[in-house]
Amino acid sequence: MGKPEILRSSVQPMVDRADLFRRLSAALPPDCLLYEREDLVPYECDGLSAHTQVPLAVALPENEQQVCEVLRICSQARVPVVARGAGTGLSGGAMPHEQGVTLALSKLKSILAIDPVARTARVQPGVRNLAISEAAAVHGLYYAPDPSSQIACSIGGNVAENSGGVHCLKYGLTGHNLLQLRVVTIDGELLEIGSEGLDAPGYDLLALMTGSEGLLGVVTEVTVKLLPKPVKAQVILAAFDSVVKAGEAVARIIAAGCIPAGLEMMDKLAIAAVEQFVHAGYPLDAEAILLCECDGTEEEVTVEIERVSEVMRASGATDIRLSRDDAERLKFWSGRKAAFPAVGRILPDYYCMDGTIPKKKLGEVLAGIAVLSKQFELTCPNVFHAGDGNLHPLIMFDANEGDQAQRAETFGARILELCIAAGGTITGEHGVGIEKIDQMCLQFGTGELASFLAVKHALDPHGLLNPGKAVPTLHRCAEFGAMHVHRGQETFPEIPRF
Ligand SMILES: Cc1cc2nc3c(=O)[nH]c(=O)nc-3n(C[C@H](O)[C@H](O)[C@H](O)COP(=O)(O)OP(=O)(O)OC[C@H]3O[C@@H](n4cnc5c(N)ncnc54)[C@H](O)[C@@H]3O)c2cc1C
């Protein structure tokens, strides 16, 4: 795959390495600064493993004060800093900078307080997503956003990516479940943003920081909302003989006023991959299945299950099964949750895309992906958060075979372009990182991009936090050939075109 722009970044450190390492070592406990190559290699990529880069050093602070110190030293030395949680990101957001320090937050993993009355949890950024629900369970509470990677991914990474999950249709993304953050700026200054209430005076910096992919500050503490565990949850497994019918059922369920706790779709290829792996009991003859979870009180669940089943039947479901107990509910979900590794067993590599489209366009876009699959001669199962219109095509390839890796990358780019053309967006939850940075030039006009860059400049004037990720420079868009031209007037004519 091509080297991303990050590797050609113009940010250059102003100090020599030995001096930088000496200053960082002095600010950190023993063994918390790594700079030997064999120690750095484990940090060379995140979940987008096609792109790798060994950093200059990895700093592993043990407290917030040390995070401030590391940032202050790097800022003074003009050294780029890439924050890293658990490294499960799928868009290359935590991929290191060759001239930079990777700031790994994995040692900040304490649950600082659970308040069962206010229903909040205050945690450090390296705490695993699932660990919050585990800690809150004694109070009958849980943290709702549940990325499929929740056993491993960190809450700091969730904030930086505004992560979603199966239950975000009803309960919202990470951003909808946050109350307060402590964030350290590139200069080592501590900001406390948000409030315990639903509103706070001043600009909504909480919203600005959510999904900022490590470009605006480093999150050192997170206060999240907790919810009471629903009394009951039940899953409907519905089979369809066409993807279009399953897509229509999704749109109709939402239009009927139901907001299920989860509404997920898998196509035939994904069903086959999953069944070989976890035997979740999915019908192998179906062209698509929907998994729909209803939760609430006994009465609420009964009513919603009836309404959803009715809509599914009217939309052409060929078979409808209802989980009979919690064990069967979890079995139904086990297939969906294991879909990525199931696909990973078939070919050595897969490329998980992430785009969002209006629900009414599901059938059309899936048909477009099938055409691209033939064109690029690469298999592409689809598994996705159907209720949110958030697609996850999984492009299967073997990087050791000819130009398959290159074809997979181009195929992925075309899928994102299909999403934009359908009125959607190039990311639903995985972020932009390095993966989708060129498509940002298609998604946004120069006005919006210039605003993003101005915000970045205000908080990080030397562009040291995660350079080369998430927001393309206008120069890059010109180079990509995708800068918006309005009424024949080229914007920024001084920027060279290639
Ligand atoms: C099998 C699998 C399934 C997945 N399923 C989902 C899913 O269902 N939904 C979903 O949304 N995602 C999913 N993901 C993607 C990934 O798990 C999420 O993006 C997650 O939020 C990343 O968290 P992390 O701790 O691993 O962050 P990292 O990968 O370490 O970092 C991600 C980004 O956050 C920044 N960052 C990390 N910590 C901080 C911090 N403290 N302060 C500032 N910036 C920071 C990094 O610089 C980087 O830009 C999946 C990944 C895998 C491998």
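The values are calculated or read from the model by the stated rules, or taken from the named source; none is laboratory data. Being a predicted model, the structure only gives us computed values, none of them experimental. Please note: Cβ atoms are built from the backbone with ideal geometry, for glycine as well, and neighbour counts cover all protein chains shown. Surface areas here come from the heavy atoms of the whole protein model, side chains and all, with no ligands, DNA or RNA. Shrake-Rupley method; radii C 1.70, N 1.55, O 1.52, S 1.80 Å.
For segment 413-478, the Cβ-based charge dipole about the Cα centre amounts to some 100 debye (Lys, Arg positive; Asp, Glu negative; other atoms uncharged). Taken per residue, the accessible surface of segment 38-165 reaches 33 Å², heavy atoms only and a 1.4 Å probe. Computed in the context of the full set of protein chains, the accessible area of segment 252-341 at 1.4 Å probe radius has 55% of its extent on carbon or sulfur. Computed over the chain, the range of Cα coordinates on each principal axis works out to 67, 57, 47 Å, biggest value leading. Exposed loop positions in the chain were taken to be GluC sites (Glu not before Pro) whose DSSP state is not H, G, I, E or B and which have at most 15 other beta-carbon atoms within 10 angstrom. Between these positions, the longest stretch is 197-376. Annotation for segment 125-167 versus segment 383-433: alpha-carbon center distance of 25 Å.
A quarter of the convex hull surface defined by the alpha-carbon atoms of segment 280-342 gives 4.8 nm² as the mean projection.
Quotient of the Cα radius of gyration of segment 102-145 and 2.2 N^0.38 Å, N being its number of residues: 1.19.
Could you sort His475, His279, His97, His430 by accessible area so the largest value comes first, with the probe set to 1.4 Å? Before the final figure, lay out the partial values.
On the way: His475 75, His279 120, His97 5, His430 25 Å².
The most accessible residue leads, giving His279, His475, His430, His97.
Scanning the chain for cysteines with no neighbouring cysteine C-beta under 4.7 angstrom from their C-beta gives Cys32, Cys45, Cys68, Cys74, Cys153, Cys168, Cys258, Cys292, Cys294, Cys352, Cys380, Cys419. Long hydrophobic helices in the chain, taken as whole DSSP H segments with a C-alpha length of 30 Å or more on their own axis and mean Kyte-Doolittle hydropathy at least -1.0, are absent. Taking the accessible area of segment 1-150, probe 1.4 Å, and keeping the other protein chains in place, the carbon and sulfur fraction comes to 47%. Remark: segment 229-387 carries a charge dipole of roughly 240 debye about the Cα centre, counting +1 on each Lys and Arg Cβ and -1 on each Asp and Glu Cβ. Near Leu208: Cβ cut-off under 13 Å, other residues only, Lys/Arg at +1 and Asp/Glu at -1. The net charge is -2.
Radius of gyration over Kirkwood radius for segment 338-390, both on Cα atoms: the Rg/Rh ratio is 0.98. Along its principal axes, segment 74-166 has C-alpha extents of 47, 28, 17 angstrom, given from the largest down. Using the Kirkwood radius over Cα pairs, work out the Stokes-Einstein diffusion coefficient for segment 246-386 at 4 °C and 1.567 mPa s, in µm²/s as a whole number. Answer, rounded: 81 µm²/s. Taking a sphere under 10 Å around the Cβ of Asn162 and counting the other residues whose Cβ falls inside, with K and R at +1 and D and E at -1, yields a net charge of -3.
Given a 1.4 Å probe and the protein chains as shown, Thr88 ends up with an accessible area of around 50 Å².
Between beta-carbons, use under 11 Å as the cut-off and find the net charge around Tyr142, counting Lys and Arg +1, Asp and Glu -1. For residues surrounding Tyr142, the net value is +1. Accessible surface ranking for Arg476, Arg336, 1.4 angstrom probe, highest first: Arg476, Arg336. Based on protein heavy atoms only, segment 316-372 ends up with 47 Å² per residue of surface accessible to a 1.4 Å probe. Note on the chain: helix-only mean residue ellipticity at 222 nm, from DSSP H runs of 4+ residues weighted -39500 (n - 2.57) and normalised by residue number, equals -10500 deg cm²/dmol.
A 1.4 Å probe over all protein chains sorts Ile415, Ile114 by accessible area into Ile114, Ile415, starting with the largest. Across segment 10-156, Cα-Cα distances exceeding 18 Å account for 59% of all pairs.
Fraction of C-alpha pairs exceeding 23 angstrom in segment 146-225: 17 percent, rounded to a whole number. If only the Cβ of Lys and Arg carry +1 and only the Cβ of Asp and Glu carry -1, the dipole of the chain around its Cα centre is close to 220 debye.
Accessible surface of Arg128, taken over heavy atoms with a 1.4 Å probe and every protein chain present, rounds to 90 Å².
For Lys456, a cut-off of 23 angstrom between C-alpha atoms picks up these lysines, skipping any fewer than 8 places away in its own chain: Lys436, Lys469.
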